[in-house]
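Written out below as structure tokens is the structure these notes cover.
The values are calculated or read from the model by the stated rules, or taken from the named source; none is laboratory data. Everything numeric here is computed off the predicted structure, so don't read it as measured data. For neighbour counting, all protein chains shown are included, and Cβ atoms are generated from backbone atoms with ideal geometry for every residue, glycine included.
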Amino acid sequence: MSRIQGYAKNAYPLANFLAPLRGARYTAQLMKLIRELTFPLIAILAAFLVGGILVALIGDDPIQTYALLIGSALSWPDGIGYTLFYATPLIFTGLAVAMGFRCGLLNIGAEGQLTVAAFATAWAGISFANSSAWMLIPLTCLVAIASGALWATIPGVLKARFGSHEVINTIMMNFIAVGVASALTQTYFKQQGDPILETLPIGDGAHIPRIGQIIPGIPARIPLNMAFVVAVLACALMYVFLWRTKWGYEIRATGANPNAAEYGGISVKKQIVLAMAVSGGLAGMVAINEVLGYRYRYYQGFSPQYGFTGIAVALLGRNHPAGVLVAALFFGALTRGGLFVDIFTEKVSKDLVLILQALVILFVAAEAVFRRRMGKTESQV
Amino acid sequence: MLELRNITKRFGNVLANDRVNIVVRPGSIHAIVGENGAGKSTAMRIAYGFYRADSGEILVDGKPQPIHTPHDAIALGIGMVHQHFMLVDTMTVAENIVLGAEPGTLISLDIRGAGKRIRSLSEEFHLAIDPGAVIENLSVGQQQRVELLKALYRQARVLILDEPTAVLTPQEVDEFFQILRRMREQGKTVIIITHKLDEVLAISDEVTVMRDGRVLGHRKTAETTAAELARLMVGREVLLRVQKKPAVPGRVILSVRRLSMKGRLNGISFVIRAGEILGIAGVEGNGQTELIEALAGLVGESELSGSIDFDGREISRLSARQRKELGIAHVPEDRQRRGLLLDASVAENSILGVHYREPAVTGRSGIMLDDASIRARAQRVIEGFDVRPANSELPARALSGGNQQKLIIGREFELPPKLLLVSQPTRGVDIGAIEFIHRKLVALRDSGCAVLLVSAELEEVTAIADRLMVIYAGRIVGEVDPTLATNEEIGLMMAGGSRTSDED
Ligand SMILES: Nc1ncnc2c1ncn2[C@@H]1O[C@H](COP(=O)(O)OP(=O)(O)OP(=O)(O)O)[C@@H](O)[C@H]1O
Ligand SMILES: [Mg+2]
């Protein structure tokens with residue numbers, strides 16, 4: 001097989017399979033960690049550099065702008081609180097996309113999956129509003145995960161069964177998701193006379209606590225909630241799942257080389273469906289943050305494209321849960337800081353944040369080229 | 001013409017090239033031989049600007065030249081054909097050749113003009129390649145000639161060929177050597193890496209031997225012998241033919257009856273007993289691949305007819321996994337495409353196929369991978385099969401071709417197998433390792449395992465098979481005693497002439 005075709009089949013060179021088996025020599029691990037971190041860090045620095053030049057060209061002071069951006073994202077408690085809050089959905093969608101990548105799938109449909117999940121979660125929260133919190137919170141969380149998983153399973157099955165490409169199908173499912181959720185909201189779940197397309201509120205029992213209610217010193221007005229803790233746990237769980245279980249091995253093997261996976265007695269079709277389901281479930285967990293922890297209802301347009309930003313997060317985080325966590329926090333900080341830049345600078349708008357994000361992705365994507373130049377990835381005979 | 005002077009290159013703590021000096025005279029065919037991992041590919045990739053040397057210099061026409069990228073090399077008239085071709089399958093020959101030949105060509109692509117030049121080059125060197133043909137319709141041998149054309153089109157004066165014959169059938173090798181001789185006549189210089197000493201003797205003018213990253217010696221081909229080269233390469237006497245006791249066949253392990261696959265396999269029947277090696281000889285592409293994959297459970301059930309009995313049990317409905325569980329091991333012909341997860345570690349590769357059961361997994365649930373036993377298994381494979389470098393954390397990609405092969409064979413031996421399906425076990429493997437692999441296969445046989453060996457090397461099947469069948473156009477055309485049959489007889493059968501006339 002030609003090498004070029006080989007790359008195309010393998011599709012995502014960044015989805016590298018390597019993960020340390022535990023207990024290898026520390027120095028080697030440390031070196032590897034440093035290597036892994038170098039490129040994302042360089043990419044971020046380069047993005048800020050170019051962004052700074054842009055700011056200067058527009059006519060504002062880059063140093064001041066960045067001081068504002070970073071300062072507002074890291075101030076205590078509001079800056080940190082909001083940064084973590086904004087990061088939460090991105091952790092979920094970043095994990096979702098990374099899970100797909102690891103199996104060689106590009107799940108563009110996290111947006112649709114989280115939309116469906118948010119609606120279904122609100123539906124459960126409304127329909128069983130009178131149950132106790134003990135019942136309702138686990139139930140609604142389960143609905144969030146299951147509905148996201150189900151929505152993603154459809155393109156998974158289509159790919160496994162008929163070989164139709166997941167990118168196209170997940171994009172289509174995004175449109176269907178928004179349409180279905182809106183129509184159902186409009187017809188069955190809207191408050192009489194409400195001008196906004198949103199559902200009734202969910203039952204109080206389904207509200208998950210805000211961090212401020214648990215840890216004193218953080219004001220409860222900050223919407224950071226237990227979903228963040230769930231997100232961090234999800235990162236840890238995903239690591240264990242992918243690298244410590246036989247199921248994760250099978251998913252990674254499929255992503256790394258489906259031919260070899262098949263040879264190793266792994267059903268590639270099953271892995272595709274499984275990876276899509278897990279990916280969708282992770283995307284669906286966004287509903288825990290947005291519906292159960294923040295707005296307490298579904299409303300159309302609640303997601304500023306979390307699903308698509310998740311692709312960037314996964315890319316920057318090198319499809320590793322720890323990387324996704326860090327990348328999501330970074331993006332969360334940018335979102336938070338962007339608001340302040342928008343308001344408190346004369347000329348720069350919060351689009352600066354979008355530009356920075358785009359630049360980071362561009363530089364991360366350029367990594368493959370750098371690596372080649374350094375003669376690191378070339379294969380043997 | 002081309003000279004490498006004191007080239008040193010390290011990968012991590014592997015010293016791949018250690019002060020390598022090679023002088024290639026203009027207009028000669030220069031062979032480079034050496035064990036797997038000796039550093040041959042690395043040295044040549046440095047000359048081609050693919051890797052950058054840590055120290056040392058490259059001289060072209062006597063002048064030191066900085067070669068940092070393949071572009072620099074091409075500008076100096078150096079071309080390289082890698083063992084794994086770099087062609088876009090869905091494009092035509094001409095498009096592939098023009099692609100990236102000169103900067104800016106993508107905009108003003110003059111395919112037609114290029115086609116003319118390609119045609120005349122093809123005629124000049126008797127390559128018989130149509131510039132309009134689509135790559136995926138070409139045979140491996142033809143694709144290789146397209147790679148040659150690509151280098152010639154870029155006006156290469158020096159052609160570096162990394163194991164060009166490993167993928168060719170014996171007939172194709174002969175044609176290929178004709179082409180190389182013609183190139184030499186036209187004043188081109190050729191550097192060829194190969195593991196086959198008879199090829200070195202047949203084609204080259206001079207030969208350089210490498211071991212452990214160092215150059216051990218230069219010889220004029222006319223003044224050396226296969227035995228001397230082998231000794232230099234391996235550092236000891238090498239048995240070019242394994243010694244084995246006569247087989248002691250036991251009960252029938254595998255019994256195949258009228259196995260057919262549309263257009264590929266035509267009513268194949270045979271049995272293999274415990275403790276014997278059944279060889280299948282044949283020109284590649286006559287159904288060997290399909291036969292092995294069908295037996296391993298990698299061909300859709302609906303595509304096959306006939307029956308496969310393994311150890312008294314009909315298995316043609318069983319999945320690849322179930323067959324492995326019964327003790328059917330498989331060494332695939334294409335190790336990188338089928339046999340390995342190149343980016344995964346040696347340890348992770350050592351459990352492929354058994355990753356879901358004891359001892360790879362642990363705990364009551366049987367879900368969690370068990371590092372300690374995985375590492376122990378990898379270590380057994382590494383030690384038992386001399387995989388170098390002996391580091392289970394390295395990605396499989398970092399191993400040289402022969403070591404990748406030893407890793408796969410070692411993994412399959414760990415199963416442990418009752419039946420081993422093994423295809424092209426020594427392709428691209430050095431002579432020391434060939435001897436080693438052959439001894440392992442014979443030892444496996446002696447321990448009572450049944451072995452089905454498919455190989456395009458006639459030498460190989462006649463040397464280690466106890467019985468030999470010949471396959472042609474998806475049919476078994478005859479069986480011979482490998483100790484008695486001559487190569488001519490077998491060759492005739494491989495070409496479709498049947499010895500025992502069973503016309504129908
Ligand atoms: N990209 C790489 N990363 C790490 N190690 C490498 C890399 N490429 C080669 N090596 C190591 O360098 C050594 C020399 O490898 P090289 O490929 O040059 O050997 P070779 O002589 O071509 O062997 P073969 O006959 O098996 O192709 C080997 O030990 C190999 O493992
Ligand atoms: Mg090599």
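Numbers for the structure displayed
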| quantity | calculated |
| --- | --- |
| Members of the stretch B:61-72 that are more than 14 Å from chain A (Cβ to nearest Cβ) and without any contact (Cβ under 8 Å) to a residue 60 or more places away in the chain | B:Gly62, B:Lys63, B:Pro64, B:Gln65, B:Pro66 |
| Given (1) away from chain A (no Cβ under 12 Å); (2) at pLDDT 90 or above, number of the condition B:Arg364 does not satisfy | (2) |
| Hey, B:Leu168 in contact with a strand residue (DSSP E or B) (Cβ under 9 Å, 6 or more places away or on another chain), aliphatic (A, V, I, L, M) and more than 14 Å from chain A (Cβ to nearest Cβ) or not | no |
| Condition check for B:Ser345: of a type outside the set (Lys, Arg) and away from every other protein chain (no Cβ under 11 Å) | no |
| Flag for B:Leu127 being away from chain A (no Cβ under 14 Å), in contact (Cβ under 8 Å) with a residue 12 or more places away in the chain, in a helix (DSSP H, G or I) and more than 16 Å from ligand 2 (Cβ to nearest atom) | no |
| Check on B:Val24, more than 16 Å from ligand 2 (Cβ to nearest atom), away from chain A (no Cβ under 12 Å) and either over 23 Å from the mean Cα position of the chain (by Cα) or over 22 Å from B:Leu394 (Cα atoms) (or both) | yes |
| Residue count for the stretch B:428-445, restricted to those that are assigned to a helix (DSSP H, G or I) and within 14 Å of chain A (Cβ to nearest Cβ) | 1 |
| Residue check for B:Ile328: surrounded by 20 or more Cβ atoms within 10 Å (Cβ to Cβ), away from every other protein chain (no Cβ under 13 Å) and not acidic (Asp, Glu) | no |
| Test for A:Asn130: is it buried (at least 23 other Cβ atoms within 10 Å of the Cβ) and either on the phi < 0 side of the Ramachandran plot or part of a helix (DSSP H, G or I) (or both) | no |
| One residue from B:Ala450, B:Ala485 being modelled with pLDDT of 95 or more, among the hydrophobic types (A, V, I, L, M, F, W, C) and in the same structural domain as B:Ala281 (by TED's automatic domain parsing) | B:Ala450 |
| Subset of the stretch B:278-312 (residues that are among the charged types (D, E, K, R) and either at pLDDT 95 or above or in contact with a Lys or Arg (Cβ under 8 Å, 6 or more places away or on another chain) (or both)) | B:Glu290, B:Glu293, B:Glu301, B:Glu303, B:Asp309, B:Asp311 |
| The stretch B:406-427 residues that are part of a helix (DSSP H, G or I), paired with ones that are small (Gly, Ala, Ser) and buried (at least 24 other Cβ atoms within 10 Å of the Cβ) (beta carbon under 6 Å, 6 or more apart) | B:Ile408/B:Gly339; B:Arg411/B:Ser350; B:Glu412/B:Ala329 |
| Meets criteria (at pLDDT 95 or above and among the polar types (S, T, N, Q)) for B:Asn21 | yes |
| Count of the stretch B:167-205 residues which are buried (at least 21 other Cβ atoms within 10 Å of the Cβ), modelled with pLDDT of 90 or more and part of a loop (DSSP other than H, G, I, E, B) | 3 |
| B:Leu318 vs. criteria crowded, with 20+ Cβ neighbours inside 10 Å and either in the same structural domain as B:Gly432 (by TED's automatic domain parsing) or not β-branched (Val, Ile, Thr) (or both) | no |
| Identity of the residue in the stretch B:367-394, within 16 Å of ligand 1 (Cβ to nearest atom) and touching a strand residue (DSSP E or B) at 6+ places or on another chain (Cβ under 6 Å), that ends up nearest to the other protein chains (Cβ to nearest Cβ) | B:Glu393 |
| Members of the stretch A:225-255 found to be out of contact with any helix residue (DSSP H, G or I) (no Cβ under 7 Å at 6 or more places or on another chain) and crowded, with 24+ Cβ neighbours inside 10 Å, listed by number | A:Tyr249 |
| Verdict on A:Val369 being modelled with pLDDT under 85 and loosely packed, with under 14 Cβ neighbours inside 10 Å | yes |
| Residue check, A:Ala56 at pLDDT 95 or above and of a type in the set (Gly, Ala, Ser) | no |
| One residue from B:Ala450, B:Ala463 being away from ligand 1 (no atom under 12 Å from the Cβ), away from chain A (no Cβ under 14 Å) and surrounded by fewer than 22 Cβ atoms within 10 Å (Cβ to Cβ) | B:Ala463 |
| Given (1) within 27 Å of the chain's Cα centre (by Cα); (2) more than 14 Å from chain A (Cβ to nearest Cβ); (3) surrounded by fewer than 21 Cβ atoms within 10 Å (Cβ to Cβ), number of the condition B:Ile280 does not satisfy | (3) |
| Residues within the stretch A:126-141 that are hydroxyl-bearing (Ser, Thr, Tyr) and over 17 Å from A:Leu200 (Cα atoms), tallied | 1 |
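For (1) without any contact (Cβ under 8 Å) to a residue 24 or more places away in the chain; (2) touching a Gly at 6+ places or on another chain (Cβ under 6 Å), each residue gets a yes or a no:
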position: B:Lys220; (1), (2): yes, no
position: B:Arg231; (1), (2): yes, no
position: B:Arg241; (1), (2): no, no
position: B:Leu265; (1), (2): no, yes
